[in-house]
Amino acid sequence: MPDPGGRETLEMPGTVRELLPNALVRVELSGGSREAVTAHVAGESSLLRLRPGDAVVVEIAPYDAGRGRIVRRR
């Protein structure tokens, strides 16, 4: 999905593993590598109440693969 800034982003499904301070969430990505990223909830979705175990979709920018934003809940 194209980013308004002209950068390409990658959307990946994942599972919430841990709620962190400052509205951050540790998300384990679904896939072969099982890596985790630190993400925040984007836009109006910030009203979502996330709990560990919730399935979400994370948008990851190419310049920092360890950070992302939660676009929606699956």
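The values are calculated or read from the model by the stated rules, or taken from the named source; none is laboratory data. Please read these numbers as outputs of a predicted model, since none were measured by experiment. Glycine gets a Cβ as well: all are built from the backbone with ideal geometry, and neighbour counts include every protein chain shown.
If you take the residues in the range 9-25 that are among the hydrophobic types (A, V, I, L, M, F, W, C) and without any contact (Cβ under 8 Å) to a residue 24 or more places away in the chain, which one is surrounded by the fewest Cβ atoms within 10 Å (Cβ to Cβ)? Reasoning before the result, please.
Taking the range 9-25 first, the residues among the hydrophobic types (A, V, I, L, M, F, W, C) are 10, 12, 16, 19-20, 23-25.
Applying the additional criterion that residues be without any contact (Cβ under 8 Å) to a residue 24 or more places away in the chain yields 20, 23-24.
On the way: Leu20: 12, Ala23: 10, Leu24: 14.
Among those residues, the one meeting the criterion is Ala23.
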| request: Return the residue satisfying two criteria in turn: it lies in the range 24-51 and is over 12 Å from the mean Cα position of the chain (by Cα) and of a type in the set (A, V, I, L, M), and of such residues it is modelled with the lowest pLDDT. | output: Leu47
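Considering the range 26-74 alone, what residues qualify as being touching a residue at least 60 places away in the same chain (Cβ under 8 Å) and loosely packed, with under 14 Cβ neighbours inside 10 Å?
Taking the range 26-74 as the starting set, the residues that turn out to be touching a residue at least 60 places away in the same chain (Cβ under 8 Å) are 71, 74.
Scanning the range 26-74 gives a single hit, Arg74.
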